[in-house]
Each structure stands twice: as structure tokens, then as C-alpha cells.
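Read-outs throughout are calculated quantities, based only on the coordinates presented, and are distinct from any laboratory measurement. Keep in mind that what you see is a predicted model, and the values were worked out from it rather than measured. Glycine gets a Cβ as well: all are built from the backbone with ideal geometry, and neighbour counts include every protein chain shown.
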Amino acid sequence: MRARSDTIAAIATPRGRGGIGIVRVAGRDLAALIEGVVGRVPAPRVATLTTFHDAAGHPLDQGIALHFPAPHSYTGDDVLELHGHGGRAVLDALLARCLELGARLADPGEFTERAFLNGRIDLAQAEGVADLIDAATTTAARAAARSLTGEFSASVTEVRDALIELRAYVEATLDFPEDDVDFVRAHDARGRLAALRARLDAILARARAGARLREGLAIVLVGRPNVGKSSLLNRLVREDAAIVTEVPGTTRDTVERQVEIAGIPISVVDTAGLRDSDDVVEKIGIARTWDAVASADLALVLVDAREAADALAAGDAAIVAGLDPALPRLVVHNKADLARLPAGATRRDGIAHVTLSALTGEGIDLLEREVLAIAGASVAAEDAFLARERHLEALREAASGLDAAARHLDTKPPPLELFAEELRRAHDALSTITGAFTPDDLIGAIFARFCIGK
């Protein structure tokens, strides 16, 4: 971690040719640097039209200077933004001038890191900044905005504060055992724990839904040749992404396209038909099919609705049996139009089955609904927190601590020291989400993934 007293500078807009480009500077006292570039310190938070100069006083560009004095700025330090023209040479010259005047090039995410270290935002909000920039869908962007504005942090903090209150009661009981207070009954420990667990479960559900928004879902289409995998891909992505013919084995390689379902970014991979073959090229395609299956989150096993009624055909059953038991799967009975079957969704032996027609589109809505259910999108995407895996781990750890604490209350008499320790474990886990308790190495790893200039 660099010194927080340094003055840092970076180009805050993407590289390339554009109408506007921004150079951002942050530090403890920017008066000398501002005068060296602008000539005078502009009024705080007022967009000031000015000319930017080099060391010899020659004009580099004309644009807008914005000065945000500490502590009322993004980072909590003095911040200067130079809004000029978006040419690469112009921005490089402006950045070089700032470096001449004593700034150093900012590390990735260092502006946001300083905002966190200076108490302007917490760690979950800081991660929300990066997630908002990287959001692949409008729904994901809205979820990231909820984290950025502090909604996620506030929900976690409410649970943590209630946990602190409960910890205070048990610590007081441990400090004054001579009072002989029945802690469990006097402070409704079981009721408080149950309420905390319910609130934590609600946050965890919203976080899981948000994690899916952030990470997306990888779906692989598998099945024997000519069961309609390519037709289904085209129907899902609403374009002719894959070649469709009546000739079995048309698809020899994987074809991948992106689609959004209920705000969740989904990668759909069409694959070569699975069958015994002596064709060298087809065998390579089949090998790539299994590679795609190995990296998928969900397998859609396509079968011909004309062949599969109550039980799968032998070849289809062999494909299902060949899947990793841990890989979720959904059996799609395609060509319902040719089989003269209505679209529908059922469940057999714990596996979802959907009957549809990729040709006509009948039943596609049922398939999308089942996919979302398997993806764990039980919480409306519009209500989700765009959580990261570390957030989910922390929430699960907190839930584990609360569960262990509840088990201690079932012991007669309850071991209050162990009860208190489990509450502390849950408290520490929640604190890592907002950064109230976070190792320095984790902070460094988080901000290293940000773009330079943010």
C-alpha cells in the first residue's frame, strides 16, 4: 500500500479517441500543482473554463477545471479534474505535466482506495464502484448501484448492530456472574438469535441472486446429433448463430453466444452431437463438447420428443449418466410440434423436464423459467445485491456462527463462554464485508482489480 500523503494522478477516461478526456489528481494540498497547470486555483466545485499550460507556459489544451477541496471530495483529499479533449496525445501531455509538478502515477483503484481509507465509503461500496463499471446488464448495474449507495452495507450493519447488542448482554453476564441472572430467559436469547438468523437469510438470498447477476451463467447444450441443439441456440439468442440442417452431425465445433434472461447474463454453448464416430473431425468436436460440459454451470440435455415418452432412449440416458453428478441438468424434449405434444414442464426423479419446440418457440418461456429456478434466481433480480464471492463466504460464516450459538443454548446449563465466542465469530465475519475488520492484504487484492484512474 502506497503512502496516503502522496499526490496521485491518472487518466480517468478510457484510452482512445473521444470528444472528452479527464485527468484526475488527488492529494493533501494541490494549490501549487493547480497553479502550475491552470494558472490559478478555481472556485470550489465550480466548472471553470480555462487553458492548461506546460512548464514553459505554452497552451496544452483548453477545457474545464474542477476543484474539490478536502474533505468534500470523492477521495476525501483535495481533488482536481481536468476535462479536456479526448485525444491520446493531449491527455498524455496533461498527465505528464501533473507528474512534472510532483504527482505520481496512481495505482489501479487508488482513488477509490483512498476514499475507503479516508472513510468516505466502506469496502462494499468501493467494490460497488468496480461492479457498476463492469456491469454487463442494466439489472446488474442497478444492483451494483444499490451497493454503491450503501443499501447492502446498511442491511449488513443492521444485523451486525443487533449482534453487538446481544454480545453486550452476554459479556455483561460473564463479567458479573454473581448476579445469577438467567441470561437466556431474561434477554430472550433464542428469540433474538432466531430474528438475526432470519434477517441474515434474507440478505444472503439477495446476495446470492446478485452474485448470479455479476457472474452470469454458462449453459451447454448437449445431446445426440439432429435433436435440435442449434435450433434451440438460435431461438434463445434470437439470431441465426448456428447452422441448422437435416443432416446429422452438422455442428462440428462449439458455438457460443450471449443472451440475457431476466437480467442474468447467460452464455449458451452449442456443441457437436454425441455419438460413436470414426470421423476424425467429428471426434475432435465431440471431445470439445465434453470440455464445454466440464466448464458449464448447467447442462441442457436435448432429446427428440418423438422418441422419449416416459423414459429416455438408451443413447439419451447414457449422455445424462455421463454428466458429472454435481452438474445441474435439465432435459429438453424438443420437436414437440412434430410429436404433436403440448409444451409443458415436469419433474422426474429430481430432474426437470421441459417439452418445447425450438422451431415454433412454444415452451421457450417454460425453459427460461426452469433455467432461472436452477440458477437460484428465486429472489427478484431487481431486489438483488451485486455480491461477490467473498461477501457470500462472510455471510455463510456468520450464519454458521449463529447456528453454533443456537446449539449452545440447547445445553443445560448453556456454556456462555462458547456462546459468546460464536457470536464474536459471526460479528467478525459481517465486519469483513464493510471493511470494519479486514486484513490489509485483502484490501490490496480488492483494489488491484480496479481500472487506473478509479
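Brief remarks follow.
- If R0 is taken as 41 Å, the Cβ-Cβ distance between Ala31 and Gln258 corresponds to a FRET efficiency of 0.25.
- Which of Thr139, Thr13 has the fewest Cβ neighbours within 10 Å, and the rest in rising order: Thr13, Thr139
- Rounded to the nearest whole angstrom, the semi-axes of the ellipsoid equivalent to the stretch 8-121, taken from the Cα gyration tensor as √(5λ), stand at 21, 16, 13, largest first.
- Between Arg167 and Arg347, the modelled label-to-label distance comes to 3.9 nm, taking each label 7 Å out from Cα in the direction of the beta carbon.
- Residues Asp337, Asp161, Asp365, sorted so that the one with the fewest Cβ neighbours within 10 Å comes first: Asp161, Asp365, Asp337
- The chain: DSSP helices with Cα axial extent of at least 20 Å and average Kyte-Doolittle hydropathy no lower than 0.5: 280-294
- Two-site FRET efficiency, His53 against Cys451, from Cβ-Cβ distance with R₀ of 25 Å, rounded to 0.05: 0.35
- By the count of other C-beta atoms within 10 Å, a proxy for reagent exposure, Leu232, Leu274 are ordered fewest to most as Leu274, Leu232.
- Counting only DSSP beta bridges whose two residues both lie in the chain, roughly 60 percent are antiparallel.
- Top positive-direction residue, dipole computed over the chain with Cβ charges, set Pro415, Leu323, His85: His85
- Given +1 at the Cβ of Lys and Arg, -1 at the Cβ of Asp and Glu and no other charges, the dipole of the chain around its Cα centre is 900 debye to the nearest 20.
- Dimensions of the stretch 60-127 from C-alpha coordinates, computed as largest minus smallest value along each principal axis and given longest first, are 37, 22, 22 Å.
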